[in-house]
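These notes concern the structure reproduced below.
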Amino acid sequence: MTSESTAQPPDWHHLDSRKIQLDRITGWISSAVLSLGFLFAAGIFALVGDDVPGWIRFGVVILWVPLTIGLAVLSYLWPPVEYRHARYRIDDELIEIQRGLVWRMSIAVPRSRVQHLDVTQGPLQRRYGLGVLVIHTAGTEHSQVSLDGLAYEIAQALRDRLLPRDAQIDGV
């Protein structure tokens with residue numbers, strides 16, 4: 001088996017590698033919020049549950065430690081794995097996005113169905129120079145497809161590239 005057989009075709013593109021660090025930071029923030037929420041609930045449980053044996057209260061607090069450590073480790077280890085399994089390609093007819101390791105998803109949007117495009121950027125994405133290309137299509141269900149983890153400049157360039165070539169200014 002050669003390295004060429006495992007290489008992806010040249011028309012597929014990976015997301016920006018800065019997405020790994022961004023996902024780690026977001027994962028750590030989420031882990032901290034969940035951990036503090038669990039600790040707060042355990043504190044309320046300890047205050048309200050007078051008839052609960054002490055060993056159960058102690059057990060709840062003891063569960064908090066591995067839960068917090070597990071979430072923090074998962075937040076560190078999962079983003080590179082997720083990054084390796086996300087890719088996209090755009091040609092004259094189709095926009096295709098593939099992602100997922102456990103639950104795989106493949107999204108294909110015909111360019112003729114694209115109605116409008118947005119590029120968004122939250123505060124943490126701005127910090128890392130990343131953006132999200134949002135593709136709006138006709139229909140009600142699944143009428144919005146997001147491609148996050150792109151360099152902001154690339155997201156803007158893709159938006160400009162995907163705009164209809166023969167579009168006339170709509171005066172309505």
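Count, please, the residues in the stretch 27-56 that happen to be open to solvent by 70 Å² or more (accessible area, probe 1.4 Å), farther than 30 Å from Gln125 by Cα and not aromatic (Phe, Trp, Tyr). The number of residues fulfilling the criteria is 5. Of all the criteria given as (1) in contact with a helix residue (DSSP H, G or I) (Cβ under 8 Å, 6 or more places away or on another chain); (2) modelled with pLDDT of 90 or more; (3) hydrophobic (A, V, I, L, M, F, W, C), the one not satisfied by Val145 is (1).
Scanning the stretch 137-149 for residues that are open to solvent by 80 Å² or more (accessible area, probe 1.4 Å) and of a type outside the set (D, E, K, R) yields Thr140, His142, Gln144.
Glu96 meets all of the listed conditions (1) touching a Ser or Thr at 6+ places or on another chain (Cβ under 8 Å); (2) in a helix (DSSP H, G or I); (3) of a type outside the set (Val, Ile, Thr); (4) modelled with pLDDT of 90 or more but one, namely (2). If Gln115 satisfies all but one of (1) surrounded by 15 or more Cβ atoms within 10 Å (Cβ to Cβ); (2) in a strand (DSSP E or B); (3) not basic (Lys, Arg), what's the number of the condition it fails? Result: Gln115 fails condition (1) only.
Here Leu74, Leu94, Leu163, Leu133 are screened, and the one residue that is under 20 Å from Leu15 (Cα atoms), out of contact with any Phe, Trp or Tyr (no Cβ under 8 Å at 6 or more places or on another chain) and in contact (Cβ under 8 Å) with a residue 24 or more places away in the chain is Leu133.
Those residues that are among the charged types (D, E, K, R) and in contact (Cβ under 8 Å) with a residue 40 or more places away in the chain, I need them from the stretch 136-160; list them, please.
Of everything in the stretch 136-160, those that are among the charged types (D, E, K, R) and in contact (Cβ under 8 Å) with a residue 40 or more places away in the chain turn out to be Asp148, Arg159.
Can you spot a residue in the stretch 89-100 that is over 24 Å from Ile20 (Cβ atoms) and buried (at least 16 other Cβ atoms within 10 Å of the Cβ)? Checking the stretch 89-100: not a single residue is over 24 Å from Ile20 (Cβ atoms) and buried (at least 16 other Cβ atoms within 10 Å of the Cβ). Evaluate the following for Ala151: is it more than 22 Å from Arg18 (Cα to Cα) and among the aliphatic types (A, V, I, L, M)? So Ala151 fails the test. Residues of the stretch 97-121 that are over 16 Å from Ala157 (Cα atoms) and of a type in the set (S, T, N, Q): Gln98, Ser106, Ser112, Gln115.
Does Ile29 satisfy the condition of being at pLDDT below 90 and either not acidic (Asp, Glu) or not in a helix (DSSP H, G or I) (or both)? No, not satisfied.
Sort through Tyr128, Tyr152 and tell me the only one that's of a type in the set (Ser, Thr, Tyr), more than 20 Å from Trp12 (Cα to Cα) and buried (at least 16 other Cβ atoms within 10 Å of the Cβ). Criteria check complete, one pass: Tyr128.
Quick grid of which residues meet (1) over 13 Å from the mean Cα position of the chain (by Cα); (2) within 29 Å of Ile25 (Cα to Cα); (3) of a type in the set (Ser, Thr, Tyr):
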residue	(1), (2), (3)
Asp51	yes, no, no
Val60	yes, yes, no
Leu63	yes, yes, no
Tyr83	no, yes, yes
Arg87	no, yes, no
Ile97	no, yes, no
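The values are calculated or read from the model by the stated rules, or taken from the named source; none is laboratory data. These numbers come from a predicted model, not from an experiment. Don't worry about glycine lacking a Cβ; one is built from the backbone with ideal geometry, like all the others, and counts go over all protein chains shown. Side chains are part of the model used for accessible areas, which takes the heavy atoms of the whole protein and leaves out ligands, DNA and RNA. Shrake-Rupley method; radii C 1.70, N 1.55, O 1.52, S 1.80 Å.
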